[in-house]
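First up is the structure itself, then whatever we jot down about it.
The values are calculated or read from the model by the stated rules, or taken from the named source; none is laboratory data. Quick caveat: nothing in here was measured; it's all calculated off a predicted structure. Methodologically, a virtual Cβ is constructed for each residue, glycine included, from the backbone with ideal geometry; neighbour enumeration extends over all protein chains shown. Calculation scope for accessible area: heavy atoms of the full protein, side chains included, ligands and nucleic acids excluded. Shrake-Rupley method; radii C 1.70, N 1.55, O 1.52, S 1.80 Å.
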Amino acid sequence: MSDMRVIRLDTVDSTNTYLHAYRGDEDVVVVTARHQTAGRGQGGNRWEDAEGQNLLFSIQIRPVEVAIDHQFVLAMAEALALKRALDAYADGMELKWPNDIYHRDRKLSGTLIETAVSGGRLKRMIMGTGINVNQRRFTSDAPNPVSLSQITGSDESIDHLLERILQAFDDYYRRVLEGDYAGISREYHEALYRRKGFYRYRDADGEFDAELVGVAYDGRLSLRDSEGRQRSYAFKEVEFII
């Protein structure tokens, strides 16, 4: 594996927050914890986790070769690494834009991405991921959670899952640095949740039916509604109705 350091913690407020204060110079740093006291999701949401039952980790990279307007290819790579690892456990894993892992309309994993920019280039990217592994009971108001153990019917090794993810991420990140944006984008689109057909969505103007057109390298989602009009959205500007 490339220059990657893995830091294992028992309890931390947030693995993303830990990496914000980290001062090492490795190309890739991974922090994993048995429990987060202030785990975060997209849009300020909290990520529920039962101590020691789920995989909680963040990956920090320094992708200075990747232009800002192509930064979402890194999110695609990380999501594909998660999917490749999870595919070993069960069929039916899909990527829900921007980077959740879904299994049959239920959320298995979420990722919060934070970036730092300097001189018009990406200086740092931190990707914090939570995967429900062995938790069977969820108490938050998250609408549709599922865990890997609920899918497979047995408890799974969290360490083994992390090892599979990091091996896959090493491969996909190498491909990004080699410039294989088109190949990664193609794989990402093939794995997308609701990639074919019309489904119900909601934006600031209300609900509508649309089909997925694609996701750009800057992360914007394009949909075509039932009247043939193309719509483009940034994160949190449109909601999948499930």
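Summary of values
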{"read-out": "The range 224-242, subset modelled with pLDDT of 95 or more and of a type in the set (Phe, Trp, Tyr), residue surrounded by the most Cβ atoms within 10 Å (Cβ to Cβ)", "value": "233"}
{"read-out": "Residue in the range 130-142 that is assigned to a helix (DSSP H, G or I), among the small types (Gly, Ala, Ser) and open to solvent by less than 10 Å² (accessible area, probe 1.4 Å) present", "value": "no"}
{"read-out": "Answer residue from the range 93-120, given it is more than 19 Å from residue 59 (Cβ to Cβ) and hydroxyl-bearing (Ser, Thr, Tyr) and is surrounded by the fewest Cβ atoms within 10 Å (Cβ to Cβ) among those", "value": "118"}
{"read-out": "Odd one out for residue 123 among (1) of a type in the set (D, E, K, R); (2) open to solvent by less than 40 Å² (accessible area, probe 1.4 Å); (3) modelled with pLDDT under 95", "value": "(2)"}
{"read-out": "Criterion (open to solvent by less than 40 Å² (accessible area, probe 1.4 Å) and assigned to a loop (DSSP other than H, G, I, E, B)) met by exactly one of 85, 79, 90", "value": "90"}
